[in-house]
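Take a look at the structure below.
The values are calculated or read from the model by the stated rules, or taken from the named source; none is laboratory data. Keep in mind it's a predicted model, so treat the numbers as computed, not measured. Heads up, the Cβs are rebuilt from the backbone with ideal geometry, glycines too, and the neighbour counts pull from every protein chain shown. These accessible areas exclude ligands, DNA and RNA; they are computed on the full protein's heavy atoms, side chains included. Shrake-Rupley method; radii C 1.70, N 1.55, O 1.52, S 1.80 Å.
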Amino acid sequence: MRLIRAADYTDMSMKAAGIIAAMLTIKPGCVLGLATGETPLGLYRRLVDSCNHGEVDFSQAKAFNLDEYRGLEPGAEQSYRFFMWKNLFSKINIRTENLYIPDGMAGDPEAECSRYEAAIAGCGGIDLQLLGIGNNGHIGFNEPGDSFAVDTHLVDLSESTIDANSRFFGDREEVPKQAYTMGVGSIMRARKALLIVSGRQKAGIVRRAFFGGVSPDVPASILQLHSDFTLIGDEAALSFI
Ligand code: GLP
């Protein structure tokens, strides 16, 4: 694991943007795995700026999203498809046919999961997977449990995740109870993994996930076994290390 200490949120976002920009330069047709949540917003703003200034080029890149709620229409403001479109895809020169997000409205969840895994494999696998971490140690929507779920699957969201994500919905009752997520295996098969984390409220889970044992109780801890894993945390998130 490579640990990069950032001074604050802005510095974390800049450092992460630098890594993604470098990947796009080295391999213009790279396959990026992307994440939602508040943490990557600063990084996405930087990538948009760099793209507008001609410093990065997404025209040959492909992007796979980590996860999507089940049951939200793609146009719903809380869907991850909407989030990605609003915060990144509509503002950069990536081609719409190169964007992949699980279909939250799919009628057959098992078929949707297989389709998604096959699409990732069909593109040659993910070169760089960007991740955030949930308060309970989840990555994507891989929730704490008894075992690591390997491939893309449908999950029942934990009460703590529903609580945490209710900030994006008018009412807790509106938060979907299920979501599609890449599995821990899908994430670990990425050639590079990059997790960004900011804020003191994540300091405890950062210590458990990356400086404690590897266990499905803390799904992010599996990243300790990844051969090319970079953790970028700001001072507050790393304050217990
Ligand atoms: C959601 C997403 C995760 C994300 C997590 C943390 O549950 N499924 O991919 O990492 O939230 O979000 P935030 O960055 O807002 O703390």
Looking only at the chain, where both bridge partners belong to it, what percent of the DSSP beta bridges are antiparallel (to the nearest 5)? 30 percent
When the dipole is taken about the Cα centre of segment 1-143, and only Lys, Arg (+1) and Asp, Glu (-1) are charged at their Cβ, what size is it in debye, to the nearest 20? 520 debye
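I need the shape label for the chain. Rule: rounded when a/c is under 1.5, else prolate if a/b > b/c, else oblate, with a, b, c from the alpha carbon gyration tensor. Display every interim value, and only then the final one.
On the way: a/c = 1.29, a/b = 1.01, b/c = 1.27.
It comes out rounded by the Cα gyration axes.
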Put +1 on the Cβ of every Lys and Arg and -1 on every Asp and Glu Cβ in segment 2-234; which of Ile4, Gly134, Ile222 then has its Cα farthest towards the positive end of the dipole? Ile4
Rounded to the nearest 0.05, FRET efficiency between Met105 and Ser160 (Cβ-Cβ, R0 30 Å) equals 0.70
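So if each residue of separation counts as 0.36 nm, and I subtract the Cα-Cα distance between Leu225 and Ala121, what length gain in nm does that give? Before the final figure, lay out the partial values.
Numbers: separation 104, 0.36 × 104 = 37.44 nm, distance 2.13 nm.
That works out to 35.3 nm of additional length.
Tell me, what % of the accessible area of the chain is carbon and sulfur with a 1.4 angstrom probe?
Numbers: 5210 of 10380 Å².
Using a 1.4 Å probe with all protein chains present, the chain comes out at 50 percent carbon and sulfur.
Subtracting the Cα-Cα distance from 0.36 nm times the residue separation, let me have the gained length for Leu3 to Gln201 in nm, one decimal.
On the way: separation 198, 0.36 × 198 = 71.28 nm, distance 1.87 nm.
Roughly 69.4 nm would be gained on extension.
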Run the quick spin-label model on Ile26 and Ser90: label points 7 Å from Cα toward the beta carbon, then report their separation in nm to one decimal. 3.3 nm
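So how much slack lies between Glu97 and Asp146, counting 0.36 nm per residue of separation and subtracting their Cα-Cα distance, in nm?
Residue separation times 0.36 nm, minus the Cα-Cα distance, leaves 13.9 nm.
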Report, in deg cm²/dmol and to the nearest 500, the calculated mean residue ellipticity at 222 nm for the chain, where each DSSP H run with n ≥ 4 adds -39500 (n - 2.57) and the sum is divided by the residue count. -9000 deg cm²/dmol
Using θ = phi - 60° and Karplus 6.51 cos²θ - 1.76 cosθ + 1.60, couplings along segment 119-136 (whole Hz; Gly, Pro as x): 5, 4, 4, x, 8, x, x, 8, 7, 9, 9, 8, 9, x, 9, x, 4, 9
From the backbone phi of segment 208-225, what are the Karplus-calculated ³J(HN,Hα) couplings (6.51 cos²θ - 1.76 cosθ + 1.60, θ = phi - 60°) in whole Hz, Gly and Pro given as x? 5, 6, 10, 10, x, x, 8, 7, x, 4, 10, x, 5, 5, 4, 5, 4, 8
With the charge dipole of segment 145-241 built from beta-carbon charges (+1 for Lys and Arg, -1 for Asp and Glu) about the Cα centre, the Cα from Gly183, Gly170, Ala209 projecting farthest to the positive end belongs to Ala209
Expressed per residue, the solvent accessible area of the chain in Å² (1.4 Å probe) is about 43 Å²
Listed by chain and number, the residues whose amide H is under 5 Å from that of Ile4, excluding neighbours fewer than 5 places away on the same chain and using placed H, are Leu231, Ile232, Gly233
Long-range HN-HN contacts of Gln178 with modeled amide H, under 5 Å: Arg70, Leu157
Spatial separation of Cα centroids for segment 18-81 and segment 147-209, in angstrom: 17 Å
With +1 assigned to the C-beta of every Lys and Arg and -1 to the C-beta of every Asp and Glu, and no other charges, what is the dipole magnitude of the chain about the Cα centre in debye, to the nearest 20? 900 debye
